[in-house]
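First the structure, in the form of structure tokens, and then the observations on it.
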Amino acid sequence: MFSERTRWNLEENRWSHTLAELRASGKAILDLTRSNPTESGFLYDEKGIQRAFAQPEMQLYQPNPRGIISAREAVSAYYEQQQIPVAADDLVLTSGTSEAYSLVFRLLCNSADEVLIPTPGYPLFDFLADLCDVKLVRYALIYDHGWQIDFPALAAASSPRTKALIVVHPNNPTGHYTSPAEQAQLVEFCRRREIALIADEVFLDFSLENSRARSFASAKELLAFTLSGLSKICGMPQMKLAWIAVSGPANEKTEALARLEVIADAYLSVGTPVQLAAPALLGMRAAFQAQVMARVRANLRELDAQLSRQSACSRLSCEGGWSVVLRVPAMQSDEDLAITLLAKHGVCVHPGHFYDFAQPGQAIVSLIVREDQFAEGIRRTLSHFK
């Protein structure tokens, strides 16, 4: 009765089962995986948000497959502030970056075509690819005093069926940005093979460095699709507004946008209210991002201070984003360790294998957890290894 593409293993894994049981029992859990900004104690301009949605035009339905022009102009202005020219006509609005991926996969790939994707990385891609009948082929990120792309492994992963390469900038959960040199290599890699580049930049604005990382939206040498949205840069996942910025050679870009418009017109999934509110909502991002970066830096300082008082655990370098990778003794599987931390210490961390880390000894925690909870959760975690 059901399609093969949805033949997933829907059974709860042992970690999720343990977490659900403990919560059902009423046990207090310090959740170091919390990444929902609307539940993390950040302050929002509630009156400003209400004003953004108090517009008489919201009563009208005048659909535009690429998105209402005022919303696209607001996104264009976001890039202009980064000194990157992205015209409003080069943007397609979506109801989230997941939908953006689906539209781009449908645009580029036939059934069983391949898309290159970095590992470690976020697990959602597998489901999106399955739903679009796309095969994901992983290329390795290696850690040696910082993260870098294994370009020989990338070349080996490519095949005649490869249609696109995904780069997550910065990566989730490793928190590293693609360096300028690597950006140039990726562009040349894709250009030579005549494949598209898909850049996921939802965490681009959250850099721990003094200088801002360069967006892939500036790439003109090849067909590129840069994805972002309000979920992360404004801390508003509930608004369900994201976009695809299309760049590249004029003829390819024009053809891609024309086809994307037809795909988007089949769904018209982005609501009118959030599109009309988009200019005001984007204008609130600086205040939100300042709060996030203050907390991320405070939690990293606390983590480093606690790590300095012991020798069993360390952390990997991160340059931005909302998470950090802990390196812990690999005395058991990452899942077993995460279950033990839940059951014995009441602390929730993500095991590394959730993100396709090849070796055990990794745990991932969120850096936007409230500072007092983060400090206590890390203290309990490290106490396990004494």
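The values are calculated or read from the model by the stated rules, or taken from the named source; none is laboratory data. Note that the structure is predicted; figures quoted are calculated from it, not measured. Counting neighbours? That spans all protein chains shown, and the Cβs are built from the backbone with ideal geometry, glycine included. Just the protein is used for accessible areas: all its heavy atoms, side chains included, with ligands, DNA and RNA removed. Shrake-Rupley method; radii C 1.70, N 1.55, O 1.52, S 1.80 Å.
Can you give the longest run of the chain that contains no GluC sites (Glu not before Pro) sitting in a DSSP loop with at most 10 other Cβ atoms inside 10 Å? That would be 12-208.
This model, with +1 at the C-beta of Lys and Arg and -1 at the C-beta of Asp and Glu, gives segment 209-333 a dipole about its Cα centre of some 500 debye. When every Cα-Cα distance of segment 167-305 is counted in 5 angstrom steps from zero, the calculated P(r) takes the values 2, 9, 15, 19, 18, 16, 12, 6, 3, 1, 0 percent.
Does segment 180-227 come out rounded, prolate or oblate by the C-alpha gyration tensor, with a ≥ b ≥ c the root eigenvalues, rounded set by a/c under 1.5 and, if not, prolate when a/b is larger than b/c and oblate if not? If you can, show how the numbers build up before the last one.
Working: a/c = 2.89, a/b = 1.83, b/c = 1.58.
Judged from the Cα gyration tensor, segment 180-227 comes out prolate (a/c at least 1.5, a/b above b/c).
Counting only protein heavy atoms and a 1.4 Å probe, tell me what percentage of segment 105-186's accessible area is made up of carbon and sulfur. Each step should come with its number before you reach the end.
Values: 1830 of 3260 Å².
Percent of accessible area from carbon and sulfur atoms in segment 105-186: 56.
Extent along the principal axes, Cα only, for segment 106-191: 39, 26, 19 Å, with the longest axis given first. Across all directions, the shadow cast by the convex hull of the chain built on its C-alpha atoms averages 20.4 square nanometres. Among the trypsin sites (Lys or Arg not before Pro) in segment 1-56, those placed in a DSSP loop whose Cβ has at most 13 other Cβ atoms within 10 Å are R7, K27.
Tell me what the chain gives for mean residue ellipticity at 222 nm when only DSSP H runs of n ≥ 4 count, each as -39,500 (n - 2.57), the sum divided by the residue total, rounded to 500 deg cm²/dmol.
Numbers: 13 runs with 150 residues, N = 386.
Mean residue ellipticity, 222 nm, calculated: -12000 deg cm²/dmol.
State in Å² the accessible area per residue of the chain; use a 1.4 Å probe, count heavy atoms of protein chains only, and round to the nearest integer.
Working: 17780 Å² over 386 residues.
Averaged over the residues of the chain, the accessible area is 46 Å².
Which shape class, rounded, prolate or oblate, goes with segment 146-232 when its Cα gyration tensor gives a ≥ b ≥ c as root eigenvalues, a/c under 1.5 marks rounded, and past that a/b bigger than b/c marks prolate? In terms of gyration-tensor shape, prolate. Less than 5 angstrom separates the built amide H of R315 from those of R327, all sequence-distant by 5 or more or on a different chain. The spacing between segment 297-321 and segment 102-177, judged by their C-alpha centroids, is 28 Å.
Out of the chymotrypsin sites (Phe, Trp or Tyr not before Pro) in segment 1-84, which ones are loop residues according to DSSP with at most 11 other C-beta atoms within 10 Å? List each step's numbers first, then the result.
On the way: sites: F2, W8, W15, F42, Y44, F53, Y61, Y78, Y79; in loops: F2, W8, F42, Y44, F53, Y61.
Hits after loop and neighbour filter: F2, W8, Y61.
Taken over the chain, lysine pairs spaced eight or more positions apart, or on distinct chains, with alpha carbons under 29 Å apart number 20.
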